[in-house]
Amino acid sequence: AVSTMPVAARQPPGAAFNAVNVFLHHPVAGHIVEGLHWTLLCLAAGLVAPFVLAYKCVRAIRAAMAGELELAETERGRFGIFISGCDSGFGKTAALSLAGRGYTVFAGCLTPEGGAALREAAAGGERLVPVALDVTKDASVDAAVAAVDEWLGGGGRRALLSVVCNAGLAAGGPIDWLAMSDFESNINVNFYGVIRLTKALLPALKRTAAMRRAGGGGGPPQPR
């Protein structure tokens, strides 16, 4: 059905608004106003900076007094971390490092070769679990999440501690050198891929938060 609700007509800007707009875009006055704007911002930043420094120093002192922030090594294995984009680069390095520290790491790899190289680099470490993952496809994300859910159901108060959306593309250059498919690929991976993976793993993260709120021994650590 076609809506019959009246639509309010757009009102043109008033004379005062137009006058201000003309003044701000004047070739002379515009530069003066812009200079005043940045001067005030810099002055405000200078006034706020000491308070920010003091706040961060207090946080640093509190963190130092709190002692060791990481979980005990014997506890880390029951906490999972999911990382996408582990075929190479930062994702691969992070997956190997965290698995080496004792966490259970689900390493999303786009290609079978990437997963095989990761297994080889881990030298058979049981804490590293490569999973096939294409963040642009619902079915691939669902299959990876199913592997996480299966592990979480294994008992022992397991929990998904963190999700690292690392998978990304960086096709760039002058606009006339790039095809529309380049822009679409960037958005599909860097934007929609992050949303797709986060939404799929959000229920597991919410269960972790519920465990934290419930308290008691053996729950996930409080973020600091």
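Filtering segment 50-74 to residues that are open to solvent by less than 80 Å² (accessible area, probe 1.4 Å) and among the acidic types (Asp, Glu) leaves only Glu70.
Taking Cys86 as the residue in question, decide whether it is of a type in the set (A, V, I, L, M, F, W, C) and in a loop (DSSP other than H, G, I, E, B). When the stated conditions are applied, Cys86 passes them.
Does segment 102-158 hold any residues that are open to solvent by less than 30 Å² (accessible area, probe 1.4 Å), under 15 Å from Ser84 (Cβ atoms) and in a loop (DSSP other than H, G, I, E, B), and which are they? Those that are open to solvent by less than 30 Å² (accessible area, probe 1.4 Å), under 15 Å from Ser84 (Cβ atoms) and in a loop (DSSP other than H, G, I, E, B): Leu133, Val135. Residues that are crowded, with 20+ Cβ neighbours inside 10 Å and either more than 23 Å from Ala204 (Cβ to Cβ) or not hydrophobic (A, V, I, L, M, F, W, C) (or both): does segment 75-83 have at least one? Yes, segment 75-83 contains at least one residue that is crowded, with 20+ Cβ neighbours inside 10 Å and either more than 23 Å from Ala204 (Cβ to Cβ) or not hydrophobic (A, V, I, L, M, F, W, C) (or both). None of Ser88, Ser97, Ser84, Ser140 is in contact (Cβ under 8 Å) with a residue 60 or more places away in the chain and polar (S, T, N, Q) except Ser84. Within segment 99-123, the set of residues being among the hydrophobic types (A, V, I, L, M, F, W, C), in contact with a helix residue (DSSP H, G or I) (Cβ under 9 Å, 6 or more places away or on another chain) and under 25 Å from Ala72 (Cα atoms) comprises Ala99, Val105, Phe106, Ala107, Ala121, Ala122.
The values are calculated or read from the model by the stated rules, or taken from the named source; none is laboratory data. Note that the structure is predicted; figures quoted are calculated from it, not measured. Neighbour counts are summed over all protein chains in view; Cβ atoms, including those assigned to glycine, are modelled from backbone coordinates with ideal geometry. Heavy atoms of the whole protein, side chains included, go into the accessibility calculation; ligands, DNA and RNA do not. Shrake-Rupley method; radii C 1.70, N 1.55, O 1.52, S 1.80 Å.
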